[in-house]
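Notes for the one structure printed next.
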Amino acid sequence: MDQKRKVYADNAATTAVSEEVLEAMLPFYREAYGNPSSLYELGQEAKAPLERARADTAACLGAKPNEIYFTSCGSESDNWAIKGAARAQRRKHGKTHIITSAFEHHAVLHTCGALEKEGFTVTYLPVHEDGLVRPEELSQAITDNTALVTIMYANNEIGTIQPVEELGRICRERGVLFHTDAVQAVGNVHIDVKAQNIDMLSLSGHKIHAPKGVGALYIRAGVPIENFMDGGAQERGRRAGTENVAQIVGLATAIKRATETIDERVARLTPMRDKLIEGLSKIERSRLNGSREHRLPGNVSFCFQGVEGESLLLLLDMHGISASSGSACTSGSLDPSHVLLSIGLPHEVAHGSLRLSFGDYNTMEDIDYILEVLPGIIERLRNMSPLWDAIRQGKVNYDEYM
Amino acid sequence: MAYSEKVMDHFANPRNVGEMKDFSGVGEVGNPKCGDIMRMYIKVEGDTITDVSFMTFGCGAAIATSSMATELIKGKPISEALKLTNKAVMEALDGLPAVKVHCSVLAEQAIKAAVSDYYRRQGIDPAPIVGEIPECEECGCSV
C-alpha cells in the first residue's frame with residue numbers, strides 16, 4: 001500500500017523516551033552505578049541525584065520531597081494508594097466503603113474489585129454523557145463509613161478532565177481521603193496537590209517521555225497507609241527494594257520538562273486537536289466522545305456509526321498511522337470499552353470507536369495527513385458494512401447518540 | 001494478537017466483496033451488539049453456486065474469514081458448500097488468534113443462512129438439507 005508517512009497518534013498509550021531523558025539516565029548505567037544505600041562515594045553519587053529527583057518531582061506537584069514515593073509504574077501507584085489506604089482506614093477507623101467512578105483505568109477498577117473480595121463495599125459513581133462525574137453525586141455517596149475516594153484526574157480514553165479541585169474539597173470537608181490517578185493529566189494540566197486537596201496522586205513516567213517501568217505516588221504527609229513492599233529502608237521504609245536510580249532520574253527529568261512546558265504544550269496541541277475534531281465531525285454519523293471543553297489538549301476520541309474499531313485501526317496502520325480503539329475486538333473481550341459504555345453509548349456505537357492522542361512530537365502535518373486518509377477508510381469500511389446499510393435504510397437508528 | 005499474512009491479505013484485499021443485486025439467496029448472521037455482522041449472497045444455477053459475495057461489519061478477522069469463505073464455495077455445488085466448516089476456513093487462512101475463532105464460525109453460518117434462504121425461495125424446507133444453523137459457541141454475549 002502507498003505509505004506516505006508515519007504518524008504516531010497513540011501518545012496516551014505510551015511515548016518515546018526523549019533525548020534529554022536518555023542523556024540524564026545514561027551516567028547511572030555507566031559510571032554512577034552505586035547503590036544509593038551504600039555509604040561510600042559511589043553509593044552517594046547515586047543517592048544525591050535520587051533525592052534531587054524526589055525534590056524535582058515534588059516541586060512539579062506542589063508537594064514536599066518526603067511525600068514522593070517512587071514506584072515501578074502507574075498501576076503500582078494506584079494499587080498501593082487504594083489498597084494501602086483502604087486497609088489502613090479499616091484497621092484504624094473500621095471504615096470499609098470506597099467510592100470511585102465507573103470509567104476508571106483497570107488499575108483502579110480491578111484494585112477496587114479486589115478490595116470488594118476483602119469485604120469492602122464500593123460505590124461506582126456514574127459518569128455522565130459529557131464524560132464527567134458530578135461533585136454533588138460524590139457528596140451524596142459519602143457516608144460515615146467511607147474510607148477513600150478515588151477518581152481519575154483525566155480519562156485515558158476520552159480525555160475528559162474531572163473537576164478535581166472540587167472533588168478534593170468535598171472529600172476534605174467530609175474527612176475522607178482523596179486519591180486521583182493523574183497518569184494522563186501530568187504535563188497537560190497544572191497540578192497542585194495542596195491547592196487541589198489531593199491526598200494521594202499516581203503518575204507514570206512513560207506517558208511523558210520517560211521510560212516504561214517507573215512511576216511515582218504522592219502521599220500527603222500524615223496519611224495512614226500500609227507499606228507496599230516490606231524489606232529495606234528505601235522510600236522511607238514503605239516500599240523496599242533498591243531504587244531504580246537511572247529511571248527515577250529519567251522520570252524527574254521528564255516531569256520537570258513536562259510541567260515547565262504545560263502552557264506551551266496546551267497552546268500547541270489545542271489547535272491541532274480542534275482542527276481534527278472539526279474535520280472528523282464532518283464525517284456523516286460520527287460523534288466526539290466526552291466534553292469538548294473539559295478535555296486533554298491532545299485527545300480526540302470519536303465513534304463512527306457502521307464501522308468496527310479494529311478494522312479501522314488495521315487500515316490506519318496500513319497507512320502508517322498508529323492509533324487505538326475501545327472496540328471489543330482489540331481487547332479480546334466481548335464487550336467494548338467500559339469507558340464508552342459508562343457515558344451511555346450502546347455496544348453498537350461503542351464498537352466503532354477511535355482514539356487519537358497527540359504529544360510533543362506530533363505536528364499539524366500529522367493532523368492533515370489523518371484528515372486526508374481517515375474519511376476514505378471510513379467510507380471503504382462502510383461500503384462493505386451491512387450495519388451501515390441498515391442504518392442508511394433507516395432499519396436501525398443510533399442518531400440519538402450522535 | 002497477530003494475524004497471519006493470509007488474513008491480512010484477505011482483509012486488505014477482500015475477494016467477492018459488495019452487494020449482489022440478482023442473488024438467489026441471502027443470509028445474515030451475527031449482530032451489531034457483538035460487533036460483527038456477516039451477510040452472504042449466493043447466485044445458484046442448477047446445483048452450483050456460480051457467484052457469491054459478502055458484506056461484513058466487523059474486525060479484521062471477520063472480514064478476512066468472509067472473504068476466504070466466499071473463495072472456498074465459489075463455483076462449488078451447494079452440497080459441498082454446506083460441508084465447509086469453520087476449521088477449514090481457518091486453515092485456509094493459516095490460522096486465527098484464539099479470540100477470533102468465533103469469526104470463522106460466523107462465516108460457516110453465513111453460508112448456511114444464504115443456502116437456507118435460497119431453498120426457502122424455491123419453496124423447499126431447508127431444515128432437512130441444511131440442518132440447524134449452530135449457535136456460535138465462542139460468543140458468550142447475552143443478546
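With respect to (1) among the acidic types (Asp, Glu); (2) buried (at least 17 other Cβ atoms within 10 Å of the Cβ); (3) assigned to a helix (DSSP H, G or I), the lone exception for residue A:243 is condition (3). Scanning segment A:206-222 for residues that are crowded, with 18+ Cβ neighbours inside 10 Å and over 19 Å from residue A:244 (Cβ atoms) yields a single hit, A:220. Residue A:190 meets each of the listed conditions (1) surrounded by fewer than 23 Cβ atoms within 10 Å (Cβ to Cβ); (2) over 23 Å from residue A:252 (Cα atoms) apart from (2). The criterion of being modelled with pLDDT of 95 or more, farther than 24 Å from residue B:18 by Cβ and of a type outside the set (Phe, Trp, Tyr) does not hold for residue B:74. Scanning segment A:361-385 for residues that are part of a helix (DSSP H, G or I), within 11 Å of chain B (Cβ to nearest Cβ) and in contact with a Phe, Trp or Tyr (Cβ under 7 Å, 6 or more places away or on another chain) gives a single hit, A:382.
Of all the criteria given as (1) within 14 Å of chain B (Cβ to nearest Cβ); (2) surrounded by fewer than 22 Cβ atoms within 10 Å (Cβ to Cβ); (3) under 28 Å from residue A:264 (Cα atoms), the one not satisfied by residue A:354 is (2).
Against the condition of a type in the set (D, E, K, R), at the interface with another protein chain (Cβ under 10 Å from one of its Cβ atoms) and free of Cβ contacts under 8 Å to residues at least 24 places away in the same chain, how does residue A:348 come out, does it pass?
No; evaluated as a whole, the condition is false for this residue.
Of the residues making up segment A:190-229, those that are over 19 Å from the mean Cα position of the chain (by Cα) and more than 16 Å from residue A:153 (Cα to Cα) are A:220, A:221, A:222, A:223, A:224, A:225, A:226, A:227, A:228, A:229. Restricting the search to strands (runs of 3 or more DSSP E) fully inside segment B:1-101 and requiring at least 3 residues that are of a type in the set (Lys, Arg), more than 8 Å from chain A (Cβ to nearest Cβ) and closer than 30 Å to residue A:337 by Cα gives an empty result.
Quick grid of which residues meet (1) touching a helix residue (DSSP H, G or I) at 6+ places or on another chain (Cβ under 6 Å); (2) within 14 Å of chain B (Cβ to nearest Cβ); (3) surrounded by fewer than 19 Cβ atoms within 10 Å (Cβ to Cβ); (4) farther than 25 Å from residue A:191 by Cβ:
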| site | (1), (2), (3), (4) |
| --- | --- |
| A:253 | yes, no, no, no |
| A:283 | yes, no, yes, yes |
| A:293 | no, no, yes, no |
| A:305 | yes, yes, no, yes |
| A:308 | no, yes, no, yes |
| A:311 | yes, yes, no, yes |
| A:326 | yes, yes, no, yes |
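Of the set (1) farther than 23 Å from residue A:190 by Cα; (2) under 20 Å from the mean Cα position of the chain (by Cα), all apply to residue A:118 but (2).
Of A:232, A:237, which residue is free of Cβ contacts under 8 Å to residues at least 12 places away in the same chain, over 19 Å from the mean Cα position of the chain (by Cα) and closer than 25 Å to residue A:32 by Cβ? Just one listed residue meets the conditions, A:237. Under the condition of being touching a Ser or Thr at 6+ places or on another chain (Cβ under 8 Å) and surrounded by fewer than 17 Cβ atoms within 10 Å (Cβ to Cβ), the residues counted in segment A:107-121 number 2.
The values are calculated or read from the model by the stated rules, or taken from the named source; none is laboratory data. All values derive from a computational prediction rather than experimental measurement. Cβ: placed from backbone, ideal geometry, glycine included. Neighbour counts: every protein chain shown.
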